[in-house]
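Here is the structure we will look at.
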Amino acid sequence: MEQMKERWRRLLFAVLAEIARERDIEFTSSLADFQVETPPKAELGDVAFPMFAFAKVLRVGPPQISASVVGVLEALIAGEKTLTSPGGEQVTGDGLTEEFRRGNLGTAEAMGPYVNVRLPRRRITLDLLKTVHTQQDRFGITDSLAGQKIMVEFSCPNTNKPLHLGHLRNDALGESIARILKANGAQVRKVNLINNRGVHICKSMLAYQRFGEGETPESTGIKPDHFVGKYYVAYANWVKEYPQAEAMAQEMLHQWEQGEAETMKLWKQMNEWAVEGIEETYQRTGISFDQVYYESETYLLGRSEILQGLEDDIFYKDEEGTVWIDLEPIGLDKKVLLRKDGTSLYITQDIGTAINRHKDWPFDRLIYVVASEQQYHFRVLFHVLSQLGYPWASNLYHLSYGMVNLPEGKMKSREGTVVDADDLLDQLTAMAKEEIVSKERQDQVEDLNATSHQIALGALHYYLLQTTPTKDMIFNSKDSLAFNGNTGPYLQYTGARISSMLRKWGKDLPPMTEDLAAVLTEEVEWELVKLIGSFPGIVSQAGMEYNPASMTGYLYELAKTFSRFYHDHPMLNAPVPELVQARVALAGAVLQVLKSGMNLINVPFLSSM
């Protein structure tokens, strides 16, 4: 379908150039100026080509241009003229009239400032369903990013607390974007940066020293990352009564950077606990990485780069010994790069991490999936790396996403008011299980607990991804789990319904033929064909925009349209065998696209639920 749209676009652009030639006007427009739109109503056609961009060049109004385009096109179809593109190659000839006569191209009509095209339904249905049947999982894969090496950094937890709902949005975005980029032909490397050093880590360590009394995750029965997080909250409560704890935490950081033995021993133990628990949560949510970096292994390189930049007069030191960069060239003030005692900041270690990554895997682009609160940080980081002379700094991109709030307000880690990731997963799983049992469908699934967990993941990831990344969002557990409406479980239910129908069919999918394509005459069937045909374009769009919300919206529209089709039109009980086979083939294509699209947003596919 996309090829047919592009053929019409090139054909009509050549017509516009011909009109300019006939009027002795220099045609300065380019094919990039020629947009493709979808008419607001199906009865207006399948594709709309606006003429506004050519009014200035052709010196007439868009409606007159539309009428002239259709007039020239009719003459071409009648064989009264041939046509060459602005590039000089012939784009129409003797075969054009025959293709139109056979109905292989469709028809065009002038509608005000638009040329609207009705595509050839039978041919597109035949070609498209044959393609889906042949390509299966490969349908929708594009080459729009072929040859590019793209690194995606996401998650980046601290080892002083477990993952929370904000991390889950980050993880959902990073994992989905990586899958979408790969589906567009890019070579993708998913990386994580464990924030395992810094004064915030020392706060948990200090509280454990003060209050831990030798207890462990094993002795308490607490998940390891939750165990460490308990002491981060304990520190926040302690420092309210004992402000001197802040200085003690700074001193512990200094001891850590000096390699003091007891401090290092405690640090290693608490980090091991935290990472063990975090990795367990990754496994539960289907999140994985190709490589994991640790700040403790990169901050020294960052510090050496800053010191070298100081020698090269890129940075400057004040009278107290603090190292700064002047940010006036990018419209900002100034930024500390090293404290006066020589200890590092986030920016210091991020410099070292970025350099290490490019050495490990020379990327064409590095995407940082990090909340919008860090926009300033990344502007500074990219500028510092550029000033240090790294040409690839121009290929760094901050995918800034909005905050996840609760109906009752903003989450706060230090006060222990965040929505814990593990607790949320448990809650959603329990709610899904209750829904299955209440509808007495537990006999319809192979494993009630596993299915409930997969429904919970579908609810969680879809809900987190349906909002455009840049926007803040409010997470509502109950709404996310609805089996009807714009939710992950609705997609899963639609996939399970089609799977059930195909099991009743009990045979291989019928190969699409001209006779079968001819009986798919209902408008909703054509809507489904168009939706299926637009899947590769949606994959490409989501990849170019780094926006999984394009995919979630598309999948919901596909599922909703199929549900209307399934409700209004018999499939296995259709009146004639050819219609049964055609509709089964159509349903199989919808199912294939649902499976592929759900995989791109990390929503588990369920064949029964």
Exercise. When only C-alpha pairs under 8 Å and at least 6 residues apart count, what is the relative contact order of segment 1-158, in percent?
Worked result: 22 percent
Problem set entry | Under 13 Å, Cβ to Cβ, from GLY309 - net charge with Lys/Arg +1 and Asp/Glu -1 | -2
For this session: Obtain the nm distance between the two label points defined at ALA75 and ASP426 by a simple spin-label model: each point lies 7 Å from its Cα along the Cα-to-C-beta direction.
Result: 7.7 nm
For this session: Please work out how much length the chain gains when fully extended from THR28 to LEU448, using 0.36 nm per residue of separation minus the C-alpha to C-alpha distance, in nm with one decimal.
Result: 144.8 nm
For this session: List the longest stretch of the chain that has no exposed loop site; here a site is one of the GluC sites (Glu not before Pro) assigned by DSSP to anything other than H, G, I, E or B, with at most 12 other Cβ within 10 Å.
Result: 447-609
For this session: Would you calculate a helix-derived [θ] at 222 nm for the chain, using -39,500 (n - 2.57) for each DSSP H run of n ≥ 4 and dividing by the full residue count, to the nearest 500?
Result: -17500 deg cm²/dmol
For this session: For segment 2-119, would you read off the P(r) tail past 24 Å as a percentage of all alpha carbon pairs?
Result: 19 percent
Exercise. How much space per residue, in cubic angstrom, does the convex hull of the C-alpha atoms of segment 438-600 take up?
Worked result: 127 Å³
For this session: Give me D for the chain in µm² s⁻¹, whole number, from Stokes-Einstein with Rh from the Kirkwood sum over alpha-carbon pairs, 25 °C and 0.890 mPa s.
Result: 88 µm²/s
For this session: Averaging sequence separations of C-alpha pairs under 8 Å and six or more residues apart, then dividing by the length of segment 492-609, give the relative contact order as a whole percent.
Result: 50 percent
Exercise. In nanometres, what is the gap between the two model label sites at GLN375 and ALA574, each 7 Å from Cα along Cα-to-Cβ?
Worked result: 5.1 nm
Exercise. Mind listing which trypsin sites (Lys or Arg not before Pro) in segment 460-503 are in a DSSP loop and have 14 or fewer other Cβ atoms within 10 Å?
Worked result: LYS471
Exercise. When the dipole is taken about the Cα centre of the chain, and only Lys, Arg (+1) and Asp, Glu (-1) are charged at their Cβ, what size is it in debye, to the nearest 20?
Worked result: 1220 debye
Exercise. Nearest 0.05, what FRET efficiency do LYS439 and ASP313 give at R0 = 56 Å with Cβ-Cβ as r?
Worked result: 0.20
Problem set entry | Rounded to 5, percent antiparallel among DSSP beta bridges of the chain | 50 percent
Exercise. Based on the Cβ-Cβ distance from LYS504 to GLU280, what FRET efficiency comes out when R0 is 45 Å, to the nearest 0.05?
Worked result: 0.70
Exercise. Normalised by the residues of the chain, what does the relative contact order come to in percent, with Cα pairs under 8 Å and at least six apart?
Worked result: 15 percent
Exercise. Roughly how many debye, to the nearest 20, is the charge dipole of segment 2-119 about its Cα centre, given +1 on each Lys and Arg Cβ, -1 on each Asp and Glu Cβ, and no other charges?
Worked result: 180 debye
Seminar exercise, completed: Once both label points are put 7 Å beyond Cα along the C-beta direction, the MET264-THR220 separation in nm becomes 2.7 nm
Exercise. What is the extension gain from TYR242 to THR513, computed as 0.36 nm multiplied by their sequence separation minus the C-alpha to C-alpha distance, in nm to one decimal?
Worked result: 89.7 nm
Exercise. Efficiency by 1/(1 + (r/R0)^6): what FRET value for ARG59 and GLU99, r their Cβ-Cβ distance, R0 = 25 Å, to the nearest 0.05?
Worked result: 0.20
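Coordinate-derived values only; no laboratory data. Model, not experiment: these values are computed from the prediction. Reconstructed Cβ throughout: ideal geometry from the backbone, glycine too, with neighbour counts over all protein chains shown.
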